[in-house]
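FYI, it's all coordinate maths here, none of it is from the lab. These figures come from a predicted structure and were not determined experimentally. Virtual Cβ from ideal backbone geometry, glycine too; neighbours counted across all protein chains shown.
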Amino acid sequence: MFPVYKFYRKRMMQLMTEEQTPGVFAHIPVLLREVMEGLKPFPGGIFVDCTLGGGGHSTEILKRTTPGGRLIGLDQDADAIAAAGEKLAGYGDRVMLVRENFSRLAQVLDNMGIKEVNGILFDLGVSSYQLDNPARGFSYMHDAPLDMRMNRENPETAGDIVNNRPEKELSRIIREYGEEKHAARIASFIARERGKRPIETTFRLVEIIKSAIPARDRREGPHPAKRTFQALRIAVNNELGIIRESILAAVDRLAPGGRLCVITFHSLEDRLVKETFRKMARPCVCPRDFPVCACGREPVIRDVAPRGVTPSAEEIDKNPRSRSARLRIAEKIPSSKGTGV
């Protein structure tokens, strides 16, 4: 098993290097065909890409909404806005790009005077550019300052969390957001090492994590630092805290029959999205022993793909980073009266 893991990890690193040149905002859109089938963009429609990234999904949406369709793109990363603006420039005033967190979707649409849209896409998580640009500090594969902020105007970095949060709080973050079984031990090692001198770079943190994890567990499974880095990134950017409310707000702004597509990349995100969809599709809160519904709460959406849609073997082979992706699709029910949750 160990030689296979070593080969897989080596090949992953090769593919990551081949895919991306640090500092260049290139991005392979994940589940592109499946997203288009789920979103159903059509000529003249209004669609929102809430996580613009490199503009890959947005480009395909614009192609399919010609003529007359509009695309509203949101991203809190200034680099993404700049790169996407250049990539989508040929579509002229059919494109409106806004540097904003997707949690403020309703305000963005209000400012544009748009009451409802035909489809909305969330591609959650970190982009390839952010992972592969050493200056951003997201990756355990590059030595860089511990940053991890998607919006670099936010005051707190990953380094601030690592060096300033109490050990118990660090342990909680790593355990809950990274689902790391060695969270307490890793937090203890971090607390000990930061007492000697501040932990300022990704590689120093990686070495501390490696020293905290027993040798057997370092040899099996993903990179030893993967879960801790995921946890810190989620904490820095409050990723989980805004998902549910953002989905509710997005469904509220969909036209009847409109589609919402959400791509997740780890189980914490996916569980949140799945549970939110479940409550909107079956909002009744009556006790189970009631013979009929008495609360009067109506379904808001139809869950188009209850089990989620995963990448094909061919896509995973071409883009290993798509391996953990899962797409969930909801369609707004025309007769709905509100979010119902």
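What's the Kirkwood radius of the range 277-327 in Å, using all Cα pairs?
13.7
Please label the shape of the range 105-152 as rounded, prolate or oblate, based on the square roots a ≥ b ≥ c of the eigenvalues of the alpha-carbon gyration tensor (a/c under 1.5 means rounded; beyond that, a/b larger than b/c means prolate, else oblate).
Prolate shape, in that a/c is at least 1.5 and a/b is the bigger ratio.
What do you get for the angle between helix 2-19 and the principal long axis of the chain? Use alpha-carbon atoms, 0 to 90 degrees, nearest ten.
With both axes taken from Cα atoms, the answer is about 60 degrees.
Based on the Kirkwood radius over alpha-carbon pairs, what is the Stokes-Einstein translational diffusion coefficient of the range 42-108 at 20 °C with 1.002 mPa s viscosity, in µm²/s? Please list the in-between numbers first.
Working: Rh = 11.6 Å.
For these conditions, the coefficient is 185 µm²/s.
How many angstrom separate the Cα center of the range 76-108 from the Cα center of the range 258-295?
30
Counting C-alpha atoms alone, how compact is the range 243-298: give Rg to one decimal and Dmax as a whole number, in angstrom.
For the range 243-298, the Cα radius of gyration and maximum Cα-Cα distance read 13.6, 39 Å.
Translational diffusion coefficient, Stokes-Einstein: compute it for the range 168-299 using the Kirkwood radius over C-alpha pairs as Rh, at 10 °C and 1.306 mPa s, and state it as an integer in µm² s⁻¹.
Values: Rh = 17.8 Å.
Translational D for this selection: 89 µm²/s.
Take the residue pairs K63/K318; K87/K226; K168/K210; K63/K226; K210/K318; K181/K274 and return only those whose Cα atoms are more than 26 Å apart.
Violating the 26 Å Cα-Cα cut-off are K87/K226; K63/K226; K210/K318.
Hey, can you grab everything whose amide H is under 5 Å from the amide H of V48? Only 5+ residues off in sequence or another chain; H modelled, so Pro and N-termini drop out.
I72, G119, I120, L121
Length gain on complete extension for the stretch F203 to R219, per 0.36 nm per residue less the alpha carbon to alpha carbon distance?
Taking F203 through R219 to full extension adds about 3.9 nm, to one decimal.
Based on DSSP H runs of at least 4 residues, each adding -39500 (n - 2.57), what is the mean residue ellipticity at 222 nm of the chain after dividing by all its residues, to the nearest 500 deg cm²/dmol?
On the way: 15 runs with 150 residues, N = 341.
So the calculated ellipticity at 222 nm is -13000 deg cm²/dmol.
With θ set to phi - 60° and the Karplus curve 6.51 cos²θ - 1.76 cosθ + 1.60, what are the ³J(HN,Hα) couplings of the range 68-75 in order, to the nearest whole Hz, using x for Gly and Pro?
Per residue, the Karplus-derived 3J(HN,Hα) values read x, x, 10, 10, 9, x, 10, 6 Hz.
So, in nm, how far is label R271 from label D93 when the simple model puts each one 7 Å beyond its Cα toward the Cβ?
Label-label distance for R271 and D93, simple model: 4.8 nm.
From the phi of every residue in the range 104-110, what ³J(HN,Hα) in whole Hz does the Karplus formula 6.51 cos²θ - 1.76 cosθ + 1.60 yield, where θ is phi - 60° and glycine or proline is x?
Per residue, the Karplus-derived 3J(HN,Hα) values read 9, 4, 4, 5, 4, 5, 4 Hz.
Under 5 Å between amide H atoms, partner at least 5 residues away or on a different chain: which partners does I301 have, H built in plane at 1.01 Å?
Answer set, sorted by chain and number: A281, I333.
Considering every Cα-Cα pair within the chain, what fraction, in whole percent, is farther apart than 30 Å?
Every Cα pair in the chain considered, those over 30 Å come to 40 percent.
Choose one answer from S246, S312, S58: the residue with the largest mean-square fluctuation in a GNM of the chain with alpha-carbon springs under 10 Å.
Comparing S246, S312, S58 in a Gaussian network model of the chain, the most mobile one is S312.
Testing the spin-label approximation: label points 7 Å from Cα along Cα→Cβ at E179 and R152. State their distance in nm.
3.2
Which cross-chain or sequence-distant (5 or more) residues have an amide H under 5 Å from the amide H of G258, H modelled 1.01 Å from N in plane?
Placed amide hydrogens put K332 under 5 Å from G258.
Of the DSSP beta bridges with both residues in the chain, give the percent that are antiparallel, rounding to the nearest 5.
Numbers: 11 of 29 bridges.
So the antiparallel bridges in the chain amount to around 40 percent.
Enumerate the aspartates and glutamates that K196 could reach by cross-link, defined here as Cα to Cα under 12 Å, with residues fewer than 8 away along the same chain left out.
none
How large are Rg and Dmax for the range 51-203 when calculated on the C-alpha trace, in angstrom?
19.3, 62
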